[in-house]
Amino acid sequence: PREKGWFKPYIYLYQHIWYAPAQLQALISFQKHFQAKDSDIIIASLPKSGTTWLKALTFAIVNRNRFSPSKHNHPLLISNAHELVPFFEFHDCKTNQIPDFSNLSDPRLFGTHVPCHSLPDSITMSRCRIIYICRNPLDNFVSFWFFYNKIVPPLSPKLSLEEAFERYSEGNSVLGPFWTNILGYWRQGKETPNKVLFLKYEDLKGDTKFYLKRVAEFLDCPFNLAEEGNGVIEKMIELCSFRKMKESAELNKKVKVMQKYENKDFFRKGEVGDWVNHFSPWMKEKLSKVIEEKLGGSGLSF
Ligand code: A3P
């Protein structure tokens with residue numbers, strides 16, 4: 001279709017999930033051709049859940065011996081998290097191939113919004129590890145809405161907040177239904193905790209230091225503060241702070257993300273609970289009900 005959008009009817013259902021056409025094509029070639037290595041690390045999420053932040057933190061942790069977090073020309077300051085940690089399913093796939101990832105050094109870091117049931121076998125079967133970040137759907141929707149409005153028009157039809165909300169909460173938005181994506185990784189994290197680490201944006205905001213240590217342990221590169229110096233974690237937190245990342249995105253305005261997005265558009269407010277500024281009482285009631293219906297009983301709560 002000429003018009004594009006992230007909501008029904010401009011998206012396609014594939015393996016129970018809605019995709020934009022180009023994304024779906026890329027996913028299919030990734031499913032066919034991607035060969036995981038045991039050392040690969042995958043950052044999985046729904047869009048607008050804190051993916052950029054977790055990509056940056058993980059890159060900083062894994063590469064801290066190559067790039068000190070206090071380095072003024074750290075790659076995260078001169079490039080950006082989406083270039084350093086590329087998504088599988090956002091690439092130009094005219095050739096029905098996957099991009100050449102040979103420039104990535106080991107351990108390779110990737111991002112994905114694909115649900116766990118659609119990951120290629122080579123990821124499931126290898127020893128590569130997955131870190132999932134989940135966000136309260138109320139805030140996730142608000143973030144999604146602002147991003148959509150900034151980025152997808154003018155090619156896409158305008159939708160009011162209420163119309164977009166209806167589609168999101170009914171599961172009819174790109175990469176939705178949100179509960180399928182979240183539940184898949186939640187269950188996998190419970191079944192195979194050495195393979196999937198499940199994190200929440202709210203927790204990461206609440207105690208970044210604790211979760212940085214958790215991520216480093218999960219990836220078998222725990223911090224040794226006696227050797228590395230006491231401030232190393234704080235420096236990493238500062239390097240990947242909302243303020244710092246937004247500031248360097250503004251400075252490097254020309255750097256495009258995934259060939260078309262402005263890096264700076266990935267940094268809006270970076271807060272927990274912004275939904276209160278945008279939801280009417282019926283929206284709060286409706287989405288809370290969906291969350292209870294779909295996620296209740298799973299042990300996951302927000
Ligand atoms: P808001 O729109 O609520 O501000 P993603 O990276 O998955 O696209 O998620 C984007 C959301 O994460 C945006 O939320 C963005 O502001 C927030 N974010 C980006 N970098 C962050 C950081 N360093 N710390 C906290 N939140 C961050």
Might you check whether a residue that is over 18 Å from the mean Cα position of the chain (by Cα) and more than 16 Å from the ligand (Cβ to nearest atom) occurs anywhere in the stretch 195-209?
-> no
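What are the residues in the stretch 134-165 that are assigned to a helix (DSSP H, G or I) and at pLDDT 95 or above, if any? Please lay out each step first, then the result.
Filtering the stretch 134-165 for residues assigned to a helix (DSSP H, G or I) gives 137-151, 161-165.
Hits for the stretch 134-165 are Pro137, Leu138, Asp139, Asn140, Phe141, Val142, Ser143, Phe165.
Could we say that Leu27 is touching a helix residue (DSSP H, G or I) at 6+ places or on another chain (Cβ under 8 Å) and either without any contact (Cβ under 8 Å) to a residue 12 or more places away in the chain or crowded, with 23+ Cβ neighbours inside 10 Å (or both) here? Steps first, please.
Values: touching a helix residue (DSSP H, G or I) at 6+ places or on another chain (Cβ under 8 Å): yes; either without any contact (Cβ under 8 Å) to a residue 12 or more places away in the chain or crowded, with 23+ Cβ neighbours inside 10 Å (or both): yes.
Criteria met by Leu27.
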Residues of the stretch 38-67 being of a type in the set (Val, Ile, Thr), over 20 Å from Leu119 (Cβ atoms) and within 11 Å of the ligand (Cβ to nearest atom), which ones?
-> Thr52
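Does any residue of the stretch 233-254 turn out to be assigned to a loop (DSSP other than H, G, I, E, B), within 14 Å of the ligand (Cβ to nearest atom), within 18 Å of the chain's Cα centre (by Cα) and not aliphatic (A, V, I, L, M)?
Going residue by residue through the stretch 233-254, those that are assigned to a loop (DSSP other than H, G, I, E, B) are 240-241, 252-254.
With the extra rule that they be within 14 Å of the ligand (Cβ to nearest atom), the set shrinks to 240-241.
Keeping just the survivors that are within 18 Å of the chain's Cα centre (by Cα) gives 240-241.
Now restrict to residues that are not aliphatic (A, V, I, L, M): 240-241.
Looking through the stretch 233-254, at least one residue is assigned to a loop (DSSP other than H, G, I, E, B), within 14 Å of the ligand (Cβ to nearest atom), within 18 Å of the chain's Cα centre (by Cα) and not aliphatic (A, V, I, L, M).
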Among the residues listed as Lys260, Lys264, the single one being under 16 Å from Ile151 (Cβ atoms), within 22 Å of the chain's Cα centre (by Cα) and crowded, with 16+ Cβ neighbours inside 10 Å | Lys264
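Given the criterion touching a residue at least 60 places away in the same chain (Cβ under 8 Å), under 18 Å from Phe178 (Cα atoms), in contact with a helix residue (DSSP H, G or I) (Cβ under 9 Å, 6 or more places away or on another chain) and surrounded by 19 or more Cβ atoms within 10 Å (Cβ to Cβ), identify the matching residue among Ile11, Ile41. Explain how you work it out, then say what you get.
Working: Ile41 fails: under 18 Å from Phe178 (Cα atoms).
Among Ile11, Ile41, only Ile11 is touching a residue at least 60 places away in the same chain (Cβ under 8 Å), under 18 Å from Phe178 (Cα atoms), in contact with a helix residue (DSSP H, G or I) (Cβ under 9 Å, 6 or more places away or on another chain) and surrounded by 19 or more Cβ atoms within 10 Å (Cβ to Cβ).
The values are calculated or read from the model by the stated rules, or taken from the named source; none is laboratory data. Please read these numbers as outputs of a predicted model, since none were measured by experiment. Because the Cβ atoms are built from the backbone with ideal geometry, glycine has one as well, and the counts that use them run over all protein chains shown.
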